[in-house]
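In what follows, a structure is listed as structure tokens, so that the remarks can point back to it.
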Amino acid sequence: MLSLADIRFILRRNLVTAIAGVLIVVLMVVAIIGPYIVPHDPLQTNLREVLRPPSASYWFGTDHLGRDIFSRVITAARLDFAIAIIAVALSAAAGTAVGAFSGYLGGWVDKLLSRLVDVMMAFPLFVAAMALVAVLGNSVQSIVLATAIINLPFYFRLMRAEITQRREAGYVEAAIINGNGLGRILFTFLIPNALPPVIVQISLNLGWAILNTAGLAFIGLGVAPPTPEWGIMIQEGAAMMISGQWWVVVFPGAALALSVFCFSLLGDGIRDIMDPRRRS
Amino acid sequence: MTRTHENRLLEIEDLQLGFDGAQGLLPALRGVSVHLDRGELVALVGQSGSGKSVTGLTVLRLLGANARIAKGAIRFDGQDLLSFSERQMRGIRGGRIAMVFQNAKASLNPIRRVGDTLADIVLAHDTTGLSRKQALQKVVGLMAQIGIALPEERARAYPSELSGGMCQRIGIAAALASDPELIIADEPTSALDVTTQQLVMDTLTEAARARGVAVIFITHDLALASEYCDRAVVMNAGRIVEEGPADRVFTDPQHPYTRALLDALPYGKTDASELRPMTWTDPEDSAPGAEGPRS
């Protein structure tokens, strides 16, 4: 398998990917321990320090209620990442399993599931997510579920395509001849072999899910003020750009952009490592 | 027919089978009868499309959904396999009847160490409650028994790290891992060079003879068959044209098809002009519909 030297070799050849990976690890650590180390309480308002520009005591400045933007940006990371990760994990697990099942069985089951997924994909994703949150109720759980559902078709189609391609492989034939049942063939032979493209999709998808969460929060869905969340902070700060308080919107925006950028870069990088022919 | 033969392991009787296609039913087997005793090595010889692989797959009931069995019976150890449920068949496949494939490398799961793949087979058919570690030990022992050098190291390798001949010998170990009574070897050496072919055939036949495992050896190479097998069954266009002791069939063929098959082989010839391409066609069979889905 891969030795430490192999990993070092691969990372040196893919410096950008390595940097993106390191940044994601840093972001994750910040998300986990951030709330314990921030200099100010992210919810504490202070009407004497309203809309202060960045300074030594308020690194990213303060917002219209005098709350420390640095503390809020750091604290928000945990919620945004948690929503994105749980949603992507749910849709990857469900989409992969159902897609594999559908692709392996074929026939009318496959036709029915594929058409159902086509219907799902016919809706604009963000609008579909909005509608789902409206139906499910305005809560964090709804955001997670809505994000998971709108991502489901991508995993389904990806896995289905991989499985139909590998269904006739020699090792699958051998597994059938060795008396393995449907479950073992799917979960020990086919799905593990078809997983690499799913991993790429997960990484690309995570960035997109963070963006989606922030987007829904921006229009007032899912997360409610005063909870620190990047989308809400951008929404609150958007109006202040005109009056010159740029820091209210720029820092949460930058945090959001950096996270999405890192996940996309990592996804592209992993794809290049696993399939050099598709290198862009 | 109720003739009982206590040593009889497999009996295929007047098997007629076709595949449903756009042009209606394509006949693949037109009344094939083959029998096999315990520990016997029988070669099923014929060119592509003669029905030899279909015969092998039918024993395991692994034909596609469009296969139609019109007539016949397959008795394995006295039980009619055609009447078995899919669940019962799963117990037979890879357990009492194992298979060796033509493309051994492709038949091994590429992301699992070969030792783990083999241990899975041991555990799947084990009734004595072996631990995974014991199963791995058994696998390594088995690999050593069939003459694989450095078995511990090989067991830790991935299929992509092994040569084709090594993969085929691992494939033989995989077939032996479940202690089968019958091994169906479908062109096990056709993808290998001549020296490796020898090694793989030696491995397979020695292991089978030492354990009393019967082997159906599916091949187009009559010379190879005669060298290693007890009996040869020559097939053409879904029928058996000749059957007898393997060396007799090879040295003194009775049927014109067998003779034509031998004329097309380079063995014992001193000049290329002595080779004749296969042109013989069954006068009874003018319809070109006997092609099976595979060789």
Practice item. Let me know the mean shielding of B:115-128 by other chains, meaning the per-residue number of their Cβ atoms within 10 Å of its Cβ. Key: 2
Exercise for review: Report, by chain and number, residues whose modeled amide H sits under 5 Å from the one on B:Ala157, excluding near sequence neighbours (fewer than 5 apart, same chain).
Suggested key: B:Val114, B:Gly115
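How big is the antiparallel share of DSSP beta bridges in chain B, given as a percent to the nearest 5?
Working: 27 of 46 bridges.
In chain B, DSSP labels about 60 percent of beta bridges as antiparallel.
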Practice item. Could you tell me the largest-minus-smallest coordinate of the C-alpha atoms of the protein assembly as shown on each of the three principal axes, in descending order and whole angstroms? Key: 109, 53, 51
Review point. When we measure straight from the Cα of B:Lys71, which lysines land under 29 angstrom away, once same-chain ones fewer than 8 places off are left out?
Key: B:Lys52
Check your understanding: Okay, helix-only estimate at 222 nm for the protein assembly as shown: each DSSP H run of n ≥ 4 adds -39500 (n - 2.57), divide by all residues, round to 500 deg cm²/dmol; what do you get?
Key -> -16500 deg cm²/dmol
Study note, to complete from the structure: Filtering GluC sites (Glu not before Pro) in the range A:106-174 by DSSP loop and by at most 14 other Cβ atoms within 10 Å leaves A:Glu168
Review point. What list of ³J(HN,Hα) couplings, whole Hz, do you get for the range A:171-187 from phi and the Karplus terms 6.51, -1.76, 1.60, once you set θ to phi - 60° and write x for glycine and proline?
Key: 5, 6, 4, 4, 5, 5, 5, 7, x, 6, x, 4, x, 5, 5, 5, 8
**Study point:** Longest exposed-site-free window of chain B, the sites being chymotrypsin sites (Phe, Trp or Tyr not before Pro) in a DSSP loop that have at most 16 other C-beta atoms within 10 Å
**Key:** B:85-266
Review point. Please state the relative contact order of chain B as a whole percent: Cα pairs under 8 Å, 6+ residues apart?
Key: 27 percent
Review point. So which aspartates and glutamates can B:Lys269 reach, going by Cα to Cα under 17 Å and dropping same-chain residues fewer than 8 places off?
Key: B:Asp221, B:Asp252
Check your understanding: Within 10 Å of each Cβ of B:101-108, how many other protein chain Cβ atoms are there on average?
Key -> 4
**Study point:** Dipole magnitude of the protein assembly as shown about its Cα centre (Cβ charges: Lys, Arg +1; Asp, Glu -1), debye to nearest 20
**Key:** 1460 debye
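Hand me the trypsin sites (Lys or Arg not before Pro) from the range B:41-94 located in a DSSP loop with no more than 16 other Cβ atoms within 10 Å, in residue order please. Don't skip to the answer; put the middle values down first.
Numbers: sites: B:Lys52, B:Arg61, B:Arg68, B:Lys71, B:Arg75, B:Arg87, B:Arg90, B:Arg93; in loops: B:Arg61.
Hits after loop and neighbour filter: nothing returned.
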Review point. Tell me, what HN-Hα J-couplings in whole Hz come from the Karplus equation 6.51 cos²θ - 1.76 cosθ + 1.60 at θ = phi - 60° for each residue of the range B:8-18, using x for Gly and Pro?
Key: 6, 9, 9, 9, 9, 10, 6, 7, 10, 8, x
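Could you tell me what percent of the DSSP beta bridges with both partners in the protein assembly as shown are antiparallel, to the nearest 5? Please list the in-between numbers first.
Working: 28 of 47 bridges.
Close to 60 percent.
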Point to revise | Rel. contact order, % - alpha carbon contacts under 8 angstrom, at least six apart, the range A:4-279 | key: 24 percent
Point to revise | Scattering curve values for the range A:74-118, log₁₀ I(q)/I(0), Debye with Cα scatterers, q = 0.27 Å⁻¹ | key: -0.89
Review point. Does anyone have the angle between helix A:69-105 and the longest principal axis of chain A? Alpha-carbon axes, 0 to 90°, nearest 10?
Key: 10 degrees
Point to revise | Under 20 Å from A:Lys111, Cα to Cα: aspartates and glutamates that are on another chain or at least 8 residues apart | key: A:Glu162, A:Glu168
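Every number in this text was worked out from the coordinates using simple rules, so none of it is lab data. Here the structure is a predicted model, which is why all the values come from computation and not from measurement. A quick note on method: Cβ atoms are made from the backbone with ideal geometry, for glycine too, and the neighbour counts reach across all protein chains shown.
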